[in-house]
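A.B. asks: What follows is a structure written as structure tokens; I'll ask about it next.
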Amino acid sequence: MASRSRKLVGILLMLAFLIVYALLAMVVAMSLEVNTSSKWIELAFYLVAGLIWVIPAGVIIKWMSGGHDVDTTA
């Protein structure tokens, strides 16, 4: 896959992932009733949930930047 195509697919994948992840984190928070818990538990949940998405995002970014294709347009 060409580098430009890989970056476009990666951006679209990242956008879709972040939307789904935010909705999933919200559902988990509501099902665990985090907002009615102690403020420290709520802080810990949102801190962890706010940082976990970085791992899959890093994998997507690594995939986007990998595979240097040769430009054959010259």
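A.B. asks: Filter the stretch 45-60 for residues that are of a type in the set (A, V, I, L, M, F, W, C) and open to solvent by 50 Å² or more (accessible area, probe 1.4 Å) and give the result.
C.D. replies: LEU47, VAL48, LEU51, ILE52, TRP53, VAL54, ILE55, VAL59
A.B. asks: How many of the residues making up the stretch 8-34 are of a type outside the set (A, V, I, L, M, F, W, C), open to solvent by less than 100 Å² (accessible area, probe 1.4 Å) and modelled with pLDDT under 95?
C.D. replies: Final tally of qualifying residues: 2.
The values are calculated or read from the model by the stated rules, or taken from the named source; none is laboratory data. Computed from a predicted model, the values in this text were never measured in an experiment. Just so you know, the surface numbers come from the protein's heavy atoms only, side chains and all, with ligands and any DNA or RNA stripped out. Shrake-Rupley method; radii C 1.70, N 1.55, O 1.52, S 1.80 Å.
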